[in-house]
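J.: One structure is given below, represented as structure tokens, and several questions about it will come after.
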Amino acid sequence: MKKFCIIILVFGLNVSLGYAQFIVNAQTEKEIYVTVAPVANTAISLAFRNLDSPKIMMTYDSTNHVALAKVMPADFGKIAYSSAKFHDIAIENLKPATEYVVDYIVYDKKSNKITKIDSIIINTLDTEPVQPARAIAFKNKSYNHVGLLWIAGNGSNVLVTVSENAPGATPTDGAEYFADTNFGNPKSLISGTNTYVLYSGPNTGKLDIQVKGLKYAEYHFRIFEYNGDGKFANYLLNTSQNNPRSTTTLIPPPKNLRAIRGTDGESVLHWDIVDGAESYVIDVALDGSFIQKVEPYAEANIGSITEIPIVVSDEKGPLRLFCRIKAVGKGSVSPYSELIIVEMKQ
């Protein structure tokens, strides 16, 4: 990857890095926008050259606010002065995904000496994709995982994000993200947001992932095409058909189903509360296949209670009952819990 050099000439007495500020405000695939702020009674010149050549390609003078092109090669176009801020500069017509070296140089009037102080590297971004991913679809949805499919765009890479109960944030150009298909890994969180990265890498044609570690909630998914890696990454933020898209996972089944002997000698079923459950359905049978149902407990919605006595009348001798429970949430019904066997004594 080619590197070019940007030389900052600072004419003044201060030889420390406090003599001026050089701030990169924004980057695109062909421009770098910077602020150069000299201290009082100083002036700054910018001189561009190829890293391996002493030939100056163009200059910028902060006193006259003009850009003077000494050479117009294919690598560079112009430096444009912006009147929005006093020392804002747009360095234009650069190459995508290319690094440029900035040398800080101080000119000391007393000694008539030019000294290099420091160097930093700045860069343009890679080209931005044109076609976004589209048509997000869900498969194998459960209470703790969901499969994600989509139709790819034209980026060389793809980034997949998810957020819980609210739309997510967008990635930042030039940033690299850790990804994990297990939801909630703090390393995969986009800093300062509610958004986790599920996948970030080559757009290989494998257009599906399995997202694990979910709970009963609404999840918002979005897919971003991008070109370039690391600091060269250029993300396409355009939306498209069914991108972004949200879905609600299934409510989980009740846990810890157990039978406790009541004060009157009857068996009382208990289970743990399920978050988001509006009611529960009990099912009782004489067999583990739940073919011989026992009324009035055959697939009966018993409301929001989390315990119920089992009373079976007109039976003689011991009786073995198979029992299970499922939760009902808003627009979702869980699988049945693990069954338990209750030995009834008359």
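The values are calculated or read from the model by the stated rules, or taken from the named source; none is laboratory data. No experiment lies behind these values; they were computed from the predicted model shown. All Cβ positions, even for glycine, are placed from backbone atoms using ideal geometry, and neighbour counts span all protein chains on display.
J.: Pick from ALA217, ALA277: which is farther than 18 Å from LEU339 by Cα, among the small types (Gly, Ala, Ser) and not assigned by TED's automatic domain parsing to the domain that holds SER334? So that I can check it myself, show each step before the final result.
T.: On the way: ALA277 fails: not assigned by TED's automatic domain parsing to the domain that holds SER334.
Matching residue, one of ALA217, ALA277: ALA217.
J.: It is to be established whether one or more residues within region 234-244 are in contact with a strand residue (DSSP E or B) (Cβ under 7 Å, 6 or more places away or on another chain) and either without any contact (Cβ under 8 Å) to a residue 60 or more places away in the chain or on the phi > 0 side of the Ramachandran plot (or both).
T.: yes
J.: Let me ask another. Anything in region 259-276 that is touching a Ser or Thr at 6+ places or on another chain (Cβ under 7 Å), in a strand (DSSP E or B) and in contact (Cβ under 8 Å) with a residue 12 or more places away in the chain? List them, or say none.
T.: Once the filter is applied, which keeps residues that are touching a Ser or Thr at 6+ places or on another chain (Cβ under 7 Å), in a strand (DSSP E or B) and in contact (Cβ under 8 Å) with a residue 12 or more places away in the chain, region 259-276 yields ALA259, HIS270.
J.: Answer yes or no as to whether ASN301 is part of a loop (DSSP other than H, G, I, E, B) and of a type outside the set (Asp, Glu).
T.: No.
J.: Determine which single condition TRP271 fails, assuming it passes every other condition in (1) outside the structural domain of VAL162 (by TED's automatic domain parsing); (2) in contact with a strand residue (DSSP E or B) (Cβ under 6 Å, 6 or more places away or on another chain); (3) under 30 Å from ALA166 (Cα atoms).
T.: (3)
J.: To continue, here is another question. Just one of (1) assigned to a helix (DSSP H, G or I); (2) at pLDDT 95 or above trips up ASN256, so point out which.
T.: ASN256 satisfies every listed condition except (1).
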